[in-house]
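Q: Once you've had a glance at the structure underneath, I'll fire off some questions.
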Amino acid sequence: MAVSSSGIVAALTAAALATVGYLAHQASQTLPAGLGRSQAGAAPAAGVSKPPHQARKDPAALPDGSGKGARVVYSLRANRVWLVGGDEAVTRTFKVAPSTVDPAPGSYSVTSRSNAVTGSDGVPVEHVVRFTTVDDVVIGFSAAVTDSPRAPAPKARTGGIRESRADGEAMWTFATIGRKVVVVR
């Protein structure tokens, strides 16, 4: 008896759907507690805590674990910088455009500064505050002189974390040589 092509397609489709369903079931069985969909009436898993309510409402809140004392805090995930005084008060916070090469999370110090230079992407920048090097790429904060950020070439390896000119001026005043810079996720 000859099998039609539509019968073969139907059988293959059914087999594929069964396989996907089986794999999805297996994956759902290996999820850590709290990552799956909650079931109606189910209590939260023991040991799973919600993030602080304030962190959800205020994305500009200083990240926990960012150190103590006067420092610059840079969040890789939030693309945000905080200037923190010695009294732990945030004196300024602002969004930045990240570089194409990220520094590793950790504690650094400002190593050099330049009032005005041309960035590695060819853009004239001012108030450059450098704090580390990653694979021969110098990482630091800077402000484009024209205040019209230009996206780097897709494969360009740049270390300039760009801020507005006003934020760059605040960084320049605050982040003198030796000032601590803390990078967090």
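Q: Which one of the conditions (1) at positive phi; (2) part of a loop (DSSP other than H, G, I, E, B); (3) open to solvent by less than 60 Å² (accessible area, probe 1.4 Å) does GLU88 fail to meet, given that it meets all the rest?
A: (3)
Q: Checking the condition among the polar types (S, T, N, Q), more than 20 Å from ALA78 (Cα to Cα) and without any contact (Cβ under 8 Å) to a residue 60 or more places away in the chain, which residue from THR133, THR93 passes?
A: THR133
Q: Still on this structure, please answer the following. Picking from LYS50, LYS68, which residue would you name as being open to solvent by 80 Å² or more (accessible area, probe 1.4 Å), modelled with pLDDT under 95 and either within 30 Å of ASP121 (Cβ to Cβ) or not acidic (Asp, Glu) (or both)?
A: On the way: LYS68 fails: modelled with pLDDT under 95.
Sole residue among the options that is open to solvent by 80 Å² or more (accessible area, probe 1.4 Å), modelled with pLDDT under 95 and either within 30 Å of ASP121 (Cβ to Cβ) or not acidic (Asp, Glu) (or both): LYS50.
Q: Now for a different question. Given the condition surrounded by 19 or more Cβ atoms within 10 Å (Cβ to Cβ), among the β-branched types (Val, Ile, Thr) and either without any contact (Cβ under 8 Å) to a residue 60 or more places away in the chain or within 21 Å of SER66 (Cβ to Cβ) (or both), answer yes or no: does some residue in the range 154-161 qualify?
A: Yes, there is a match, as at least one residue in the range 154-161 is surrounded by 19 or more Cβ atoms within 10 Å (Cβ to Cβ), among the β-branched types (Val, Ile, Thr) and either without any contact (Cβ under 8 Å) to a residue 60 or more places away in the chain or within 21 Å of SER66 (Cβ to Cβ) (or both).
Q: Does the range 71-85 hold any residues that are surrounded by 13 or more Cβ atoms within 10 Å (Cβ to Cβ), touching a residue at least 24 places away in the same chain (Cβ under 8 Å), within 18 Å of ALA97 (Cα to Cα) and out of contact with any Ser or Thr (no Cβ under 6 Å at 6 or more places or on another chain), and which are they?
A: Result: VAL72, TYR74, SER75, LEU76, VAL81.
Q: Would you mind telling me which numbered condition in (1) in contact (Cβ under 8 Å) with a residue 60 or more places away in the chain; (2) open to solvent by less than 40 Å² (accessible area, probe 1.4 Å); (3) farther than 16 Å from ARG185 by Cβ GLY106 fails?
A: (3) is the only condition that GLY106 fails.
Q: Something else about it: I'd like to know if the range 110-118 contains one or more residues that are under 18 Å from ALA70 (Cβ atoms) and either surrounded by 20 or more Cβ atoms within 10 Å (Cβ to Cβ) or basic (Lys, Arg) (or both). It would help to see each step written out before you state the result.
A: Looking only at the range 110-118, we keep the residues that are under 18 Å from ALA70 (Cβ atoms), and these are 110-111, 113.
Now narrow it down to the ones that are either surrounded by 20 or more Cβ atoms within 10 Å (Cβ to Cβ) or basic (Lys, Arg) (or both): 110, 113.
Yes: the range 110-118 contains one or more residues that are under 18 Å from ALA70 (Cβ atoms) and either surrounded by 20 or more Cβ atoms within 10 Å (Cβ to Cβ) or basic (Lys, Arg) (or both).
Q: Just need a number here: residues in the range 119-131 that are surrounded by 16 or more Cβ atoms within 10 Å (Cβ to Cβ) and at positive phi.
A: Step one: of the range 119-131, the residues surrounded by 16 or more Cβ atoms within 10 Å (Cβ to Cβ) are 119-121, 123, 125-131.
Now drop any that are not at positive phi, which leaves 127.
The qualifying residues number 1.
The values are calculated or read from the model by the stated rules, or taken from the named source; none is laboratory data. In this text, all values refer to a predicted model and were calculated from it rather than measured experimentally. Don't worry about glycine lacking a Cβ; one is built from the backbone with ideal geometry, like all the others, and counts go over all protein chains shown. Heads up: the accessible areas ignore ligands, DNA and RNA and are worked out on the full protein's heavy atoms, side chains in. Shrake-Rupley method; radii C 1.70, N 1.55, O 1.52, S 1.80 Å.
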